[in-house]
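Student: The structure's right below; bear with me while I get my questions together.
The values are calculated or read from the model by the stated rules, or taken from the named source; none is laboratory data. Quantities reported herein were computed from a predicted structural model and do not represent experimental measurements. Backbone-built Cβ (ideal geometry, glycine too); neighbour counts: all protein chains shown.
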Amino acid sequence: MVRGSELEPLFNGFIETYHYLGYCQIVGAHLKYIAFAQERPLACLSFGSAAWKVSCRDQFIGWKPEVRSKNLHLIINNTRFLILPWVKVPYLASHLLSLLAKTIPSDWQRVYGYSPVLLETFVDKQRFLGTTSGWGKYDRYNKKNKPVKIVFLYPLNRYFREILNRSLHFGVD
């Protein structure tokens, strides 16, 4: 993990230079990682807050809007994934996601005081490969202005549905 370390500028520079979306500061809770082989950087991955509404995800979880608003913080989004252009390792992306799926809950717990239970990622199907509707995360004008993407969800906890569907009220119903 490189967030807050002397390696964070290296991460930011790699993303700005080599990722097709470039670098933008992640707002809110987030973590950044660089994968190395010996001392050679291979890849950069970052994770942040989940998208507010993703119809296929929300249907998959089966939650109501009021529960989503209380528990959305338990989902994290893979905001950037970059394998550096000089790296040619078969299955590296799957291997890195598998490793991070095991370590990110404890890293997130250490930094933010809670563990996420579901990881979401969006893949631009025109560029690389369920699809999204094309709405942007901060859409204010009800206009589809983003490419349609494939949605992938990875449970970080086997009880993710139960946890995400918990109503956070106390007392007698």
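Student: If you take the residues of segment 88-135 that are among the charged types (D, E, K, R) and in a strand (DSSP E or B), which of them is modelled with the highest pLDDT? Spell out how you get there, then give the answer.
Tutor: Within segment 88-135, the first condition is being among the charged types (D, E, K, R), and the residues that meet it are 88, 102, 107, 110, 120, 124-125, 127.
Imposing the further condition that a residue be in a strand (DSSP E or B) reduces the set to 120, 124.
Working: GLU120: 94, ASP124: 81.
If we take residues in segment 88-135 being among the charged types (D, E, K, R) and in a strand (DSSP E or B), then GLU120 is modelled with the highest pLDDT.
Student: Within segment 14-26, count every residue that is part of a loop (DSSP other than H, G, I, E, B) and over 13 Å from the mean Cα position of the chain (by Cα). Outline the logic, then answer.
Tutor: So in segment 14-26, the residues part of a loop (DSSP other than H, G, I, E, B) come out as 19-26.
Now narrow it down to the ones that are over 13 Å from the mean Cα position of the chain (by Cα): 19-25.
Total meeting the criteria: 7.
Student: On to the next question. Can you report the number of residues in segment 90-117 which are out of contact with any Lys or Arg (no Cβ under 8 Å at 6 or more places or on another chain) and either farther than 16 Å from LEU45 by Cα or among the acidic types (Asp, Glu) (or both)? Walk me through it before giving the result.
Tutor: Of all residues in segment 90-117, those out of contact with any Lys or Arg (no Cβ under 8 Å at 6 or more places or on another chain) come to 90-110, 112-117.
Still in the running and either farther than 16 Å from LEU45 by Cα or among the acidic types (Asp, Glu) (or both): 90, 106-107, 109-110, 112-117.
The qualifying residues number 11.
Student: Just to be sure before I move on: is ASN142 under 20 Å from GLY48 (Cα atoms) and either of a type outside the set (D, E, K, R) or modelled with pLDDT of 95 or more (or both) in the structure I sent?
Tutor: Taking the combined requirement at face value, the residue does not satisfy it.
Student: What tally of residues in segment 50-87 results from selecting those that are assigned to a strand (DSSP E or B) and out of contact with any Ser or Thr (no Cβ under 6 Å at 6 or more places or on another chain)?
Tutor: To start, the set of residues in segment 50-87 that are assigned to a strand (DSSP E or B) comprises 75-83.
Pick out the ones that are also out of contact with any Ser or Thr (no Cβ under 6 Å at 6 or more places or on another chain) and you get 75-77, 81-83.
So the answer is 6.
Student: Run TYR23 past the list (1) farther than 17 Å from VAL123 by Cβ; (2) surrounded by fewer than 11 Cβ atoms within 10 Å (Cβ to Cβ); (3) of a type in the set (Phe, Trp, Tyr) and report the number of the one that doesn't hold.
Tutor: Failing condition for TYR23: (2).
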